[in-house]
Amino acid sequence: MHPPRPRHILAVIVIAQFAGTSLWFSGNAILAQLAQALALDGQPLAAVTSAVQLGFIAGTLVFALLNIADRWRPRDVFLACTLLGAAANAGMLLLPGLEGRYALLLALRFATGFFLAGIYPVGMKIAASWWREGLGGALGWLLGALVLGTALPHLLAGTLPGTHWQAVVATVSLLAVGGGLLLHALVGEGPHLAPAPRLRITAAARAFASRDFRASAFGYFGHMWELYTLWAFVPLMLAAYGQRHEQALDIGFWAFCIIGAGSLGCVGGGMLSRSLGSARVAFGQLGCSGLCCLLSPLAYLLPPAGFLAFMLFWGVTVAGDSPQFSALNAALAPREFVGSALTIANCIGFAISVLSLHVATALAAVLPLPLWFVPIAAGPLLGLLACSRLAARRA
């Protein structure tokens, strides 16, 4: 019989996750101002987005192979990575006075992504150590915080005095440090944390020997094919709609709202998972977001209120399945290597998101604007096929 779980645990993990993951889109939200300040005209600025993703992929691969999230205390890993990630993010403040600014910018964004590998998956590992039953509900709050954290820089860029990019970078970096310190001080390891195992390079890959884990992981991969591509394209879609209909949309505000709406899908899905099961909730939300891909050409024919409502609904569903897939992955992975299994799934998922982003960018150059996301529906469709067996048995 385990002692009662302290009431503050979930709130502290949620706040820390929100603070730490705000580092993710810090560069994206200020990209136009940063390009002007650093004289980056003609440089492939899309690479700034990819650098974070590639850094995260590299970080998750290293963390998974070395079993870092399982062999060291998760809260120590979380704190170290928030401090190092915040330092890499704050390094952008030094760039205007340096030579080779573009290469340094990419290196700093890569490093930020690398250390995010010790924030996002490790936060889930900490939550899994406190919950066995109801993990889907807890991760709903946790991933909701992640979604709001990634959206926060867009809001800061439009609301901080003078919208100076330096203020956004400094605020996000300090926030991440505060989140890491808060979690380390107030949240220990939960009673369901397995004893630290010996180093096993192949441990993460061994999780895929389970048919059920593969079904859950491949559903997650279909979700990741769509998620970050939509988030990256939201400002462009808003700007394009405004130009077509001669409407002056507040792009920073609405990008925050649409991306941030995913937190509602995460929390609401977590609540539904208590009665429906994580697999059915994930299946339903993935189906809805995939349908939005297919229906997106019609959205551009709607008046502004209809278009924004459609985008908000898409924002809710495109992220809402993520915590349920993570809960399934955690439940179906080998207990002693939950951290490594979650991390390798994140690694593969984010590699898929980078590929999807580049495919979508190439398609955008040859397809009319309203058709940009129709081919992206292939990811959700394959994900639905992969996890349909789990949904049918109410996992």
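The values are calculated or read from the model by the stated rules, or taken from the named source; none is laboratory data. What you are looking at is a predicted structure, and each value in this text was computed from that prediction instead of being measured. Glycine also receives a Cβ, built like all others from the backbone with ideal geometry; neighbour counts cover every protein chain displayed. Note: areas computed on protein heavy atoms with side chains; ligands, DNA, RNA excluded. Shrake-Rupley method; radii C 1.70, N 1.55, O 1.52, S 1.80 Å.
What the table below lists for this structure:
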| quantity | calculated |
| --- | --- |
| Estimated vicinal HN-Hα couplings, Hz - segment 168-174 in sequence order (Karplus 6.51, -1.76, 1.60; Gly, Pro = x) | 5, 4, 5, 4, 5, 5, 5 |
| Segments 138-148, 249-259 sorted - mean Cβ within 10 Å per residue, highest first | 138-148, 249-259 |
| Rg ratio (alpha-carbon, reference 2.2 N^0.38 Å) - segment 245-381 | 1.17 |
| Per residue accessible area in Å² of the chain, where ligands, DNA and RNA are left out and the probe is 1.4 Å | 39 Å² |
| Largest to smallest accessible area among PHE283, PHE325, PHE208 [probe 1.4 Å] | PHE283, PHE208, PHE325 |
| With every protein chain in place, segment 221-339: carbon and sulfur % of accessible area (1.4 Å) | 70 percent |
| Residue-wise HN-Hα coupling along segment 209-215, computed from phi with Karplus coefficients 6.51, -1.76, 1.60 (Hz; x: Gly, Pro) | 5, 7, 4, 5, 5, 4, 4 |
| Cα-centre dipole for the chain with unit charges at Cβ (Lys and Arg positive, Asp and Glu negative), debye to 20 | 1260 debye |
| Centre separation in Å (Cα based) which lies between segment 208-237 and segment 350-392 | 9 Å |
| Helical contribution to [θ] at 222 nm, DSSP H n ≥ 4, -39,500 (n - 2.57), averaged over the chain, rounded to 500 | -24500 deg cm²/dmol |
